[in-house]
Amino acid sequence: MKNNLIAPSLLAADFGNLQRDIEMINNSEADWFHIDIMDGVFVPNISYGMPVLAAIQKHAKKTIDIHLMIVDPDRYIKEFAALGANNLSVHYEACTHLHRTLQAIKAEGMKAGVAINPHTPVELLEDVIADIDLVCMMSVNPGFGGQSFIENTYKKIEKLKQIIERNNAPTLIEIDGGVTDKNAAQLIDAGADVLVAGSFVFKAEDPTQTIKNLKSLVNS
């Protein structure tokens with residue numbers, strides 16, 4: 001029985017009704033909460049900061065998967081651990097000493113993830129793949145929700161899967177951006193394990209049913 005995961009992205013939630021949307025995910029078949037932290041420097045957008053994350057953490061009953069789209073992420077590793085993050089992904093492009101950053105994340109008891117932009121080749125991860133719990137592959141240009149999916153992603157997933165298998169690594173592949181019921185099964189077939197869905201879930205008429213449909217698509 002496959003257990004591929006669905007991680008709704010709270011960036012697309014209704015911030016006027018955040019607790020309602022968090023409870024919806026708690027009660028749905030979703031596996032993780034995906035939370036994007038943006039600083040307006042690494043990406044041209046600012047999302048939410050520590051107080052909002054603390055509020056989310058208070059109500060969330062599932063794995064908290066944090067994606068840092070910020071420069072100098074090392075400064076905040078301890079803080080995110082204190083705020084209850086289970087997974088912490090840093091951008092390959094934002095880390096000068098990636099191996100050291102991964103070790104620092106693990107030292108705080110979190111799973112260590114690496115996010116890569118659409119133009120970043122997966123081959124660059126080969127030397128550290130055994131230390132990476134999760135690769136968050138951007139399938140849109142990072143910074144804003146609701147963008148359309150980049151088709152080259154399937155090839156990148158296949159290449160990354162080969163690197164993971166060649167190194168006998170435990171790494172999960174997470175796809176972030178433009179995920180819908182139209183590409184979910186194909187992403188899993190290519191080798192993905194976790195799908196992040198934002199607008200597709202939260203703008204749906206029935207988000208709970210949409211999550212259920214995605215979950216059955218990725219595990220059929």
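Read the figures in this text as sums done on the coordinates, not as results from a lab. The model shown is predicted, which means the values in this text are computed figures rather than measured ones. Every residue, glycine among them, receives a Cβ derived from its backbone with ideal geometry; neighbour counts consider all protein chains shown.
Taking 0.36 nm per residue of sequence separation and subtracting the Cα-Cα distance, how much length would be gained by fully extending the chain between residue 130 and residue 59, in nm to one decimal?
On the way: separation 71, 0.36 × 71 = 25.56 nm, distance 3.30 nm.
Going from the current span to full extension adds 22.3 nm.
Classify segment 5-218 as rounded, prolate or oblate from the Cα gyration tensor: take a ≥ b ≥ c as the square roots of its eigenvalues, call it rounded if a/c is under 1.5, otherwise prolate when a/b beats b/c and oblate if not.
Oblate, because a/c is 1.5 or more while a/b does not exceed b/c.
In nanometres, what is the gap between the two model label sites at residue 186 and residue 52, each 7 Å from Cα along Cα-to-Cβ?
With each label point 7 Å from Cα toward Cβ, the separation is 3.2 nm.
Could you line up 95, 136 from fewest to most neighbouring Cβ atoms inside 10 Å?
Details: 95 18, 136 30.
The most exposed by this proxy come first: 95, 136.
Hey, fewest Cβ within 10 Å first, where do 126, 205 land in order?
Ranking 126, 205 by Cβ neighbours within 10 Å, fewest first, gives 205, 126.
At a Cα cut-off below 14 Å, give the aspartates and glutamates reachable from residue 62, other chains included and same-chain residues fewer than 8 away excluded.
Within the straight-line cut-off, residue 62 pairs with 21, 23, 29, 31.
Which of the residue pairs 78/212; 78/111; 111/161 have a Cα-Cα distance greater than 25 Å in the structure shown?
Check vs 25 Å cut-off fails for 78/212.
Evaluate the distance, in nm, between pseudo-label points positioned 7 Å from the Cα of residue 82 and of residue 199 along their respective Cα→Cβ axes.
About 3.6 nm separates the two model spin labels.
By how many nm would the segment from residue 45 to residue 72 lengthen if fully extended, with 0.36 nm per residue of separation less the alpha-carbon distance?
On the way: separation 27, 0.36 × 27 = 9.72 nm, distance 1.63 nm.
Net length gain for the segment: 8.1 nm.
Starting from the Cα of residue 212, move 7 Å in the Cα-to-Cβ direction to define the label point; list residues of segment 11-42 whose amide nitrogen is under 19 Å from there.
Within reach of a label on residue 212, which here means backbone N under 19 Å from a point 7 Å along Cα→Cβ, segment 11-42 contributes 21-32.
Say R0 is 30 Å: what FRET efficiency, to the nearest 0.05, do residue 96 and residue 18 get from their beta-carbon distance?
The computed FRET efficiency comes out at 0.30.
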